[in-house]
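Worksheet: the structure to be examined is printed underneath.
Coordinate-derived values only; no laboratory data. Everything numeric in this text was worked out from a predicted model, so none of it was measured. Glycine gets a Cβ as well: all are built from the backbone with ideal geometry, and neighbour counts include every protein chain shown.
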Amino acid sequence: MEINITRFFKEAEPFEFSASIAERGPNAGPETWANAVREGADAPLLRTRKQIEAGRKFFAEFGAWDDKEVAGWSAAEINALFIQYISGDIRELESLCIDDDGEIDWDRYEELSREGSINGNMFKGTDGRIYYDISN
């Protein structure tokens, strides 16, 4: 399932949702999680029941949580996970795929994805919008 993340991609500061202790200090985890939960509640990216369940399935397959835990997540928590996850990918994109003019080089992103250097779930659609694929 492809999720339109255009607004978040253009307006959000990914550092607020995904950053390391080296970058933000010892409270990096709690701070970025709290920011993501607020954002997930106020401006969810996964809005419909179908999208929320696709997000639940996407994260369940990571194997980091048991089925009971995943089933108990609220829509805001699933959105918070999604926000943190895509924020990391946006930061990676911005560090690896900027052209000489400071613009995103989507061809480079696709190349790195084909090489297996990055996951490549994010893409620019033919409509100019930015999407994230959470299909498993």
Using θ = phi - 60° and the Karplus form 6.51 cos²θ - 1.76 cosθ + 1.60, what ³J(HN,Hα) does each residue of the range 37-47 get, whole Hz, x for Gly and Pro? 5, 4, 4, x, 7, 7, 9, x, 8, 9, 9
Whole-Å semi-axes of the chain's equivalent ellipsoid, largest first, each the root of 5 times a Cα gyration tensor eigenvalue? 24, 19, 15
Return the long-range amide H neighbours of ILE118 (sequence gap of 5 or more, or a different chain), with a cut-off of under 5 Å between placed amide H atoms. SER113
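With r defined as the distance between the Cβ atoms of SER135 and ASP42 and R0 fixed at 30 Å, what FRET efficiency is calculated, to the nearest 0.05? Before the final figure, lay out the partial values.
Numbers: r = 26 Å, r/R0 = 0.87.
With a Förster radius of 30 Å, E is 0.70.
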Which GluC sites (Glu not before Pro) from the range 1-85 combine a DSSP loop assignment with at most 14 other Cβ atoms within 10 Å? GLU61
Linear extension gain, GLU13 paired with LYS50, 0.36 nm per residue minus alpha-carbon span: 10.6 nm
Counting only residues 5 or more apart in sequence or on a different chain, those whose built amide H sits under 5 Å from that of ILE98 are ASP105
What residues qualify as long-range amide H neighbours of ILE3, i.e. H under 5 Å apart, gap of 5 or more or another chain, H built at 1.01 Å from N? TYR132, ASP133, ILE134
